[in-house]
1. Quick one: in region 348-366, of everything that is surrounded by 19 or more Cβ atoms within 10 Å (Cβ to Cβ) and among the small types (Gly, Ala, Ser), which residue is farthest from the chain's Cα centre (by Cα)?
2. What number goes with the only condition from (1) more than 20 Å from residue 275 (Cα to Cα); (2) among the charged types (D, E, K, R); (3) surrounded by fewer than 21 Cβ atoms within 10 Å (Cβ to Cβ) that residue 339 does not pass?
3. For residue 160, work out the one condition from (1) in contact with a helix residue (DSSP H, G or I) (Cβ under 6 Å, 6 or more places away or on another chain); (2) over 22 Å from residue 244 (Cα atoms); (3) not aliphatic (A, V, I, L, M) it doesn't fulfil.
4. How many residues are free of Cβ contacts under 8 Å to residues at least 12 places away in the same chain and in contact with a Leu (Cβ under 6 Å, 6 or more places away or on another chain) when one looks only at region 34-62?
5. Based on this model, can you work out whether residue 306 counts as part of a loop (DSSP other than H, G, I, E, B) and out of contact with any Pro (no Cβ under 7 Å at 6 or more places or on another chain)?
6. I'm checking my understanding of the structure. Among residues of region 205-261 that are open to solvent by less than 50 Å² (accessible area, probe 1.4 Å) and among the charged types (D, E, K, R), which one is farthest from residue 298 (Cα to Cα)?
7. Against the definition (closer than 30 Å to residue 120 by Cα and in contact with a Gly (Cβ under 6 Å, 6 or more places away or on another chain)), how does residue 149 come out, yes or no?
8. Being assigned to a helix (DSSP H, G or I), open to solvent by 30 Å² or more (accessible area, probe 1.4 Å) and out of contact with any Ser or Thr (no Cβ under 6 Å at 6 or more places or on another chain) is the requirement here; does residue 345 meet it?
Amino acid sequence: MSPDELVYLGILAASIPVGFLFRYLSPPVKQGAALLLGLSVAIVTCQIHTLHSLVTVIGTWIIIKISWRHAPALSLGWSFLYLLFFRLVTWFGLPAPTPFANAIQLLLTLKMVSLANEVNSFHMEKKKDVSSFAKSPVIGGLSQVPSLYDMLSYSYCYAGIMTGPFFRFQTYVDWLQQPSPQTLPGWGPCLQRLKLVPLYGALFITVNSVFPLAYVRTDEFLDENFFFRYFYMVAVFFVFRMRFYAAWCGAEAGFITAGLGCYPEKALSKPGGGPTVNYSPDPSADETYDFKTIQNIDCYNTDFCVKVRHGMRYWNMTVQWWLHHYIYPNAPFRAYALRAGWTMFISAYWHGLHVGYYLSFLTIPLCIAAESAMESSVRARLGPSGQKIFDWVHWFLKMRSYDYMCMGFVLLKASDTIHYWTSIYFSMHIIAIACIIIGRVLKGGKKEGRRVEKEDKKEGEKVENVTTGEKTD
């Protein structure tokens, strides 16, 4: 493990026992302590580069103060443009930010855009209340506009400051105002989330030592046979998954011990968004709680769901909620494939400027189009046993597609990514294009495309109303 990874590990490990202490603090003390701890972590790891995140927060606060009506669009433009400056600071003669500063900046970007949207919704609902003389039943809405201190406290809250998961400002407020945090579940769900982390960590270290990524960049790699080269991406993506499984499960455990993101099951919470129905805690009843609001990874379904589009839903789940809620509905296109492509482009930009990100993320719409075409033109014509075989083949190709795209994500450079994809003859691109052609030939592609677009529009409306969650196969 690199020194930076050891620092991340230390911060994650320390956040777990510290979380229990926050359950015994009053709301004002909890807010101040979480800010002080998070800001201390930022200053120690980022040093002078902490100013980048501070400027982002203050800029967003000014935008909200000046124009709450246009705050969602302005905050998105501001935070994403500053993200560009942040990544190009060396062009202006400034020192390059540390990896820790980059991690904080990424999550802060999500938080500021979300907060601006929450403030906008608050004002819009307030206007409706005045015009209708009745209070509308807002789910998870703000009760007041946050102050600069509130924004700073939310931005630098120690929980997940570098690793995520992302959480809304209202989730943060609910955490501060929990009536009896000591009575909320802690050890049980924490240990449940941590039980496989040692296995994930051991597999990450072992497989990474056998299949180092650096070998892909060497000329000797091309001397290996095709099957070895093809299998290598399977091993690389396995290492990639184990690393994030361990990190995200550990990060979630830190939230669980603090009680952040804990809601009654009847709230029907969704990762990132929080409760989707109005609820009122019943002190006289035994409530059952969950931490779905801060669930960032579903390891089992990431590996074993059948479809490419479903695989995205179980990976980095809180960020997927953010993309689906703030980016996808506002895409400058109506067609499903184009809106999905736009969302993936924004996701790539958020991750960084390396061409490998864009090569990877923009391959996803192609894979989705391919599986949609094959589902309507082939699977729909098969019997139950034939569909089971189809689904197994589909799952195998889904995993190979993610193996393939992962190479661009980890190699980063366009030359390295193309170098590897060339070594396996762009096989997954060719398979995806072949599936689309087969679907068109069998007259199924367009019909399925219309069906998928209708489904996605319906899902988008559900997210915008924040009333129910999306069901998956």
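1. Only one residue tops the list, namely 356.
2. (3)
3. Residue 160 satisfies every listed condition except (2).
4. 0
5. Judged against the criteria, residue 306 is a match.
6. Among them, the one singled out is 229.
7. no
8. For residue 345, the condition - assigned to a helix (DSSP H, G or I), open to solvent by 30 Å² or more (accessible area, probe 1.4 Å) and out of contact with any Ser or Thr (no Cβ under 6 Å at 6 or more places or on another chain) - is met.
The values are calculated or read from the model by the stated rules, or taken from the named source; none is laboratory data. Please read these numbers as outputs of a predicted model, since none were measured by experiment. We place every Cβ from the backbone using ideal geometry, glycine too, and count neighbours over all the protein chains shown. Please note that ligands, DNA and RNA were not included when accessible areas were found on the heavy atoms of the full protein model with its side chains. Shrake-Rupley method; radii C 1.70, N 1.55, O 1.52, S 1.80 Å.
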